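What follows is a short report on a single structure.
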Amino acid sequence: MNRLYAIILMGLFVLNVTAQTDKKSKLEGSSTNELKYIGMPVGGICAGQVYLGGDGQLWYWDIFNVAMLNPGNEGGHRYYENPLTQDKKFENGFGLTIRQGDRVLVRALNSTGFSDVLFEGEYPVGKVSYNDDRLPVSANLVAYSPFIPTDAKNSGLPVTILEYTVSNNDDEDVAIELSGWLQNMSSFLSAEGNEGKHTNKVISTEEYTRLVCESDDKFKDKLPDWGSMSLTLVGKGKATAESIDSKGLPIFNANGDKKEASTSLGNKLVGSVSGSTVLKPGESKTFTFHLSWYFPNIHLWDGGHHWKNKENLRHYYTTYFNSSKEVSDYLLNNNNLLETTKTWNKTWYDSSLPKWFLDRTFVNVSTLATTASVRFNDLTDSPESEGRFYTFEGVYLGEGTCTHVFHYEQAMGRVFPNLARQLREQIDLGLSYEENGIIGYRGEFSNTGRHDGRGFAIDGHAGTIMRIYREHLMSSDKTFLKNNWKRIKKSIQVMIDQDKEKTGRADGILEGKQYNTLDRTWYGKITWISGLYAASLRAGVEMAKEMGDSKFSRECEKIANKSFKNISKELFNGEYFIQKTDMEHPDSPNTNIGCHTDQLLGQYWTTQTGLGDILPSDQVKKALQSIMKYNFTDNYGDYLKHADIPVKRFYADKDEQGIIMCTFPKGGTDEAPGIIKNEWENLVIGYFSEIWTGQEHQLAATLISEGLVEEAMKIEKAVHDRYAPSKRNPYNEIEYGNHYTRAMSGYAPFIAASGFKYYGPKGIIGFAPKMNPENFKSAFITAEGWGSFSQQVTDSSQEVQLSMNYGKLNLNQIQLELPKGKKASKWQITLNGEAVTTLDSKSIEGALNIRTAPISLEKGDVIKAVLVLK
C-alpha cells in the first residue's frame, strides 16, 4: 500500500513521496497526482521539449518533429481541467545496482525504486533526492540544460545534463553501479512502411563512455524523426549496444560489452551505459550523463503550419552540430557552460525576495524550452531569415509569432536580449513589416497569403513599438535603433495617422477600427488600446531624441500630453478607466462602462521601461485598487454563478482565486457582446469572464510599480496556488494552448519588485526596490552580462553593492531610490575597493542619479556605494 505526502512550504515546488512495503517487502510505485503532473522543461531553448518529472523520470519527449499531443482547436482549457500526466513513450531511465556482501539490490531512480522522493524545482535546474531507510545508500539528481542569460546560442543546446550523486549512509563499504538506458528512437515513430535499420554503437575513451542511437542515412531528408540520440557518461564506464532481458525490459547493470547492435526499423532496440564505484562509509560519488539529440528535419513536421521557406528549414542547433555526438563533445570541451548555469541558478535564488515569488516569476522563461518556441537554420543562408525565432501562441496552436499575444512578455526581452532584438529586426520590422508601416500581427504569415483577413492588430502593433524600445534599452549601444529607425518611426506614424482620421487632428485617443487580442474588431474610445498608443508615443519621444529627430520627438510628446489629459478627462469614471462606445458600430463588442483588467496596459509598459506615467498617478492608483475590488475573485465558481457573460473555456477551477478579465459593476453587459453572428463570436465574448495569467502578471507588475505590493502578491500567489503541483504542472501556464506565450509577462513582477532600470546605450543602471528595500537583494540582467544587486538602509546610511557574476557592463550613471523623506549629504563609490570619480549628481523625486567617469565591469568586479543620509 502506498502513501504520498505533498510538502509545499511557502509555495515551493517541493514534493515528498513516501511508499510503504507490503508483507513481502516489495516496493510498490506511487500513482498519486502530486508526482505525475510535474514537468519541468530541461532541454535547451528552441531545441524541442523534454520534461523532468517529479521523481526524476524524463518524459514528454517532443524532440522528434512528430506532434506528441493533439492540442484541440477549442482551446487549451482541456489541459487545465485535465492536465498532462507523466507518460513513458519509449524506454529510457536510470537505476542503481547496490552490492553489499551477498546482498544485491536493484532500484530504479524514480518513485518506484525509493520510498522517499523529494523534488525541488529551480528553473532551469531541477533537483530530486532519493532516500529509503531500507537501503544503505541515498542519491541526488541535478538535471538541467546549459542556461546562461544573454547567451542564446549556448542556452539552446539539444541536451539534458543529469548529475547523479550517490552517498553511502552505512558503516560498511558498498559497491554501486549507476546505469542509464535508452531506446533507439531514430526513425522509430515514422518506421511503418519503411525498410531499414536502427543501429546502436558504443564508443569508449578515457574521457567518456557513450551509447549512440542512429538509423540509416537514406532517411536523412525523408523522415521527420531521422537523426540520433546519445547517452554519454563523463569518464570511464561500460556500455552495451543491446541491453534487454527475456521480458524485453532494460537491465540496469548490463554486464555485456556489445559494441554494436541493430534491428529492423520499428523494432525496439535498447542500449545502456553504466558507471561503478565502491563507496566507503560516508563517501559520495557523482556520475554525470549527457543525454543529447539531433533531429534536424523540422521542415517535415506536419504541425509546423506554413512557415516561410519551410522546405529549407532545419532546427537552429544544426547550424553548429551534425550529430548528437557532437553536442556532447562540445560540452566536454566547454565544461564552463555547466558551471555558469549553476552560477546563474545561485545568483537568481540568492535573493531577499520570497522563494515562491522567485519561482513563479521565472518559470515562464521555460516556455522558450518547449515546442511553443522554435528557431530555424535556413539552408539558403539568407541574412533576413537565418536564425529566426518563431513562437506559436501556445504549443502547436496559433499561427505566427502573434504580436497581440507575445507583446505582453518580458521574459525573453530581458533574459535573452540579443534574441529579442533579432526577432524585432527579422520579423516585426522584416518579414511581417508592410510598406505603409503596419507591423503584421501574425509574424511571417502576415505577408505570405496566410493572413486570416482581420488586418491591423492595433494593440499588438503598439505593444511591439514598446518592445522595440525595450530592446534598444537592453542594447550596449544604439546600433539596433540606428539601423531600424526609419521603419520604427513609420510604424509610430501609422497610429498617429489613425488618431487624425476623424477630425484631422490628433487628440491622443484612437478611434475607428481596432482589431485586438480579444479576437474581434472594436470601435470607440478604448482606454487600454489608447493607453498603449500613448505609451508608444512616449517611447517615440525618447527614440527620436536619441536619433536627433527633434521634430518627430516634439510631435510625439505633444500628442502624448494630449492623451494624458484627454483619457483622464473623458474615460475615467472616478473609479476606473472605461470605453466610450461608437454608436455607429452597434455590432462591435466593447467593455463600455466595465472594469477591464488591461485598462492600464500602456502604464504597465511605461513602468517596465522607465517612461513614467501616461495618466495621472492618483487616477492610476485608484483604477488599480478598483480592479482589485471588482475583478479579484476568491471563488471563481461563485462569480460564474452570477456572471451575465458565460464562459466556454476555464483557466481556473470553481474554488480557485484569480482576476476576472472584465467585470461590470455598473452594468453594461447587455451592450458588451455587440451583435453575435456565429459560434466563434459567442465564444470570444466569453473571454470577459475568463482568467488569464498573462493579464494577471502584467497587472501585478503595475501594482508593484505603483506601490501596491500587497495586492500584487495576492494575485501572484493566486496564480502560484492554481498551478500547485498537486493540481497541475507548475511549469505550464495555460491559455489557448499549453505553455501559452502571453504568460511570459510573468517576469515583469520581478522587474517591478527590484525597480530595475537599465539604459544600455547611455550606460545607466538603477534600482528602486519595492519589497523590503531596507534589506534587499536580487539578480539583474543587462545587455551583455548579469550579477547581483543588494542594499542595506538604516536611518543614517544606505549601502549598495553591484556584483558582476558573468559578462560585462559599461556604466556612466547609477540611479538609486532614497528612503522617503531622506536626502544624501555625501557618498563614496568604489570599484573593487578603489575610489571611482564622480562627475556630478542630481536628485529627482526621491531618486539620486550619480554620474561617474566611464566604468567597465567584468566578471568578479564589485561596485559599492555608501551614502550618508539626513
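The values are calculated or read from the model by the stated rules, or taken from the named source; none is laboratory data. What you see is a predicted model, and the numbers here were worked out from it, not measured in a lab. Heads up, the Cβs are rebuilt from the backbone with ideal geometry, glycines too, and the neighbour counts pull from every protein chain shown.
Look at segment 392-446 and say how many of its residues are aliphatic (A, V, I, L, M), part of a helix (DSSP H, G or I) and over 18 Å from the mean Cα position of the chain (by Cα).
Matching residues across segment 392-446 total 3.
Going through segment 452-482 one residue at a time, which ones are part of a helix (DSSP H, G or I), touching a strand residue (DSSP E or B) at 6+ places or on another chain (Cβ under 7 Å) and farther than 23 Å from residue 766 by Cβ? Working first, answer last.
Applying the first criterion (part of a helix (DSSP H, G or I)) to segment 452-482 yields 458-473, 479-482.
If we keep only those that are touching a strand residue (DSSP E or B) at 6+ places or on another chain (Cβ under 7 Å) too, we end up with 458, 461, 464, 473.
Listed by number, the residues that qualify are 458, 461, 464.
Can you tell me which residue within segment 107-159, out of those that are basic (Lys, Arg) and assigned to a loop (DSSP other than H, G, I, E, B), is farthest from residue 376 (Cα to Cα)?
Looking at the filtered set, the residue picked out is 134.
Is it the case that segment 565-586 has a residue that's without any contact (Cβ under 8 Å) to a residue 60 or more places away in the chain, assigned by TED's automatic domain parsing to the domain that holds residue 488 and among the aliphatic types (A, V, I, L, M)?
yes
Take segment 290-313 and flag every residue that is surrounded by fewer than 19 Cβ atoms within 10 Å (Cβ to Cβ) and not in a helix (DSSP H, G or I).
305, 306, 309
Is there any pair with a first residue in segment 75-101 that is assigned by TED's automatic domain parsing to the domain that holds residue 292 and a second that is assigned to a helix (DSSP H, G or I) and buried (at least 21 other Cβ atoms within 10 Å of the Cβ) whose Cβ atoms are under 6 Å apart and which are 6 or more apart or on different chains, and what are they?
85/36; 86/36
Please enumerate the residues belonging to segment 586-600 that are over 29 Å from the mean Cα position of the chain (by Cα) and closer than 15 Å to residue 686 by Cα. Spell out how you get there, then give the answer.
Initial filter on segment 586-600 (over 29 Å from the mean Cα position of the chain (by Cα)): 586-594.
Answer for segment 586-600, where residues must be over 29 Å from the mean Cα position of the chain (by Cα) and closer than 15 Å to residue 686 by Cα: 588, 589, 590, 591, 594.
Which one of 379, 332, 397, 358 is of a type in the set (A, V, I, L, M), surrounded by fewer than 23 Cβ atoms within 10 Å (Cβ to Cβ) and touching a Pro at 6+ places or on another chain (Cβ under 7 Å)? Give the steps one after another, and end with the answer.
Working: 379 fails: touching a Pro at 6+ places or on another chain (Cβ under 7 Å); 332 fails: touching a Pro at 6+ places or on another chain (Cβ under 7 Å); 358 fails: touching a Pro at 6+ places or on another chain (Cβ under 7 Å).
When all the criteria are applied, what remains is 397.
Inside segment 703-720, can you point out the residues that are surrounded by fewer than 24 Cβ atoms within 10 Å (Cβ to Cβ) and free of Cβ contacts under 8 Å to residues at least 60 places away in the same chain?
Across segment 703-720, the qualifying residue is only 710.
So which residues in segment 33-51 are within 19 Å of the chain's Cα centre (by Cα) and either of a type in the set (Asp, Glu) or not in a loop (DSSP other than H, G, I, E, B) (or both)?
40, 41, 49, 50, 51
Could you check, for segment 695-706, whether at least one of its residues is in a loop (DSSP other than H, G, I, E, B) and farther than 30 Å from residue 819 by Cα?
no
In segment 110-130, which residues are surrounded by fewer than 24 Cβ atoms within 10 Å (Cβ to Cβ) and more than 32 Å from the chain's Cα centre (by Cα)?
Scanning segment 110-130 gives a single hit, 115.
Just need a number here: residues in segment 814-859 that are within 17 Å of residue 787 (Cα to Cα) and in contact with a Ser or Thr (Cβ under 8 Å, 6 or more places away or on another chain).
1
Could you tell me which numbered condition residue 670 fails, if it satisfies all but one of (1) closer than 27 Å to residue 602 by Cα; (2) out of contact with any strand residue (DSSP E or B) (no Cβ under 6 Å at 6 or more places or on another chain)?
If we test residue 670 against (1) closer than 27 Å to residue 602 by Cα; (2) out of contact with any strand residue (DSSP E or B) (no Cβ under 6 Å at 6 or more places or on another chain), just (1) comes out false.
Out of all the residues in segment 511-536, which are closer than 22 Å to residue 681 by Cβ and part of a helix (DSSP H, G or I)?
528, 529, listed by residue number.
Look at residue 54 and say whether it is touching a residue at least 12 places away in the same chain (Cβ under 8 Å), in a loop (DSSP other than H, G, I, E, B) and in contact with a Gly (Cβ under 8 Å, 6 or more places away or on another chain).
Against the criterion (touching a residue at least 12 places away in the same chain (Cβ under 8 Å), in a loop (DSSP other than H, G, I, E, B) and in contact with a Gly (Cβ under 8 Å, 6 or more places away or on another chain)), residue 54 does not qualify.
Go through segment 29-56 residue by residue and tally those that are within 14 Å of residue 120 (Cβ to Cβ) and either crowded, with 24+ Cβ neighbours inside 10 Å or at pLDDT 95 or above (or both).
Counting residues in segment 29-56 that are within 14 Å of residue 120 (Cβ to Cβ) and either crowded, with 24+ Cβ neighbours inside 10 Å or at pLDDT 95 or above (or both) gives 9.
For segment 721-746, what are the residues that are surrounded by fewer than 24 Cβ atoms within 10 Å (Cβ to Cβ) and in a helix (DSSP H, G or I)?
721, 722
Being closer than 24 Å to residue 178 by Cβ and in contact (Cβ under 8 Å) with a residue 60 or more places away in the chain narrows it down to one of 262, 292, so name that one. Lay out the reasoning, then the answer.
Values: 262 fails: closer than 24 Å to residue 178 by Cβ.
The unique qualifying residue is 292.
State the number of residues belonging to segment 777-819 that are of a type in the set (Val, Ile, Thr), surrounded by 19 or more Cβ atoms within 10 Å (Cβ to Cβ) and more than 23 Å from the chain's Cα centre (by Cα).
Of segment 777-819, the ones of a type in the set (Val, Ile, Thr) are 781-782, 793-794, 800, 814.
Now restrict to residues that are surrounded by 19 or more Cβ atoms within 10 Å (Cβ to Cβ): 781-782, 793, 800, 814.
Add one more test, that the residue is more than 23 Å from the chain's Cα centre (by Cα), and what stays is 793, 800, 814.
Within segment 777-819, residues that are of a type in the set (Val, Ile, Thr), surrounded by 19 or more Cβ atoms within 10 Å (Cβ to Cβ) and more than 23 Å from the chain's Cα centre (by Cα) number 3.
Which condition number does residue 716 fail, the rest of (1) of a type outside the set (A, V, I, L, M); (2) out of contact with any helix residue (DSSP H, G or I) (no Cβ under 8 Å at 6 or more places or on another chain); (3) in a helix (DSSP H, G or I) being met?
For residue 716, the failing item is (2).
Provide a single number: the residues in segment 521-576 that are of a type in the set (D, E, K, R), surrounded by fewer than 19 Cβ atoms within 10 Å (Cβ to Cβ) and closer than 30 Å to residue 663 by Cα.
Residues in segment 521-576 being of a type in the set (D, E, K, R), surrounded by fewer than 19 Cβ atoms within 10 Å (Cβ to Cβ) and closer than 30 Å to residue 663 by Cα: 5 in total.
Between 544, 539, which is part of a helix (DSSP H, G or I), out of contact with any His (no Cβ under 8 Å at 6 or more places or on another chain) and free of Cβ contacts under 8 Å to residues at least 60 places away in the same chain?
544
So which residues in segment 315-367 are more than 21 Å from residue 769 (Cβ to Cβ), touching a helix residue (DSSP H, G or I) at 6+ places or on another chain (Cβ under 8 Å) and either of a type in the set (S, T, N, Q) or assigned to a loop (DSSP other than H, G, I, E, B) (or both)?
The answer is 320, 321, 364, 367.
Does segment 492-503 contain any residue that is outside any loop (DSSP other than H, G, I, E, B) and among the acidic types (Asp, Glu)? First the steps, then the outcome.
Residues of segment 492-503 that are outside any loop (DSSP other than H, G, I, E, B), as a first pass: 492-500.
Next, only the ones that are among the acidic types (Asp, Glu) stay: 497, 499.
Yes, because at least one residue in segment 492-503 is outside any loop (DSSP other than H, G, I, E, B) and among the acidic types (Asp, Glu).
Wholly within segment 756-870, which strands (runs of 3 or more DSSP E) include no fewer than the required count, namely at least 1 residues that are modelled with pLDDT of 95 or more, under 29 Å from residue 346 (Cα atoms) and touching a strand residue (DSSP E or B) at 6+ places or on another chain (Cβ under 8 Å)?
Correct list: 757-759, 764-767, 775-781, 785-793, 797-817, 824-831, 847-858, 862-869.
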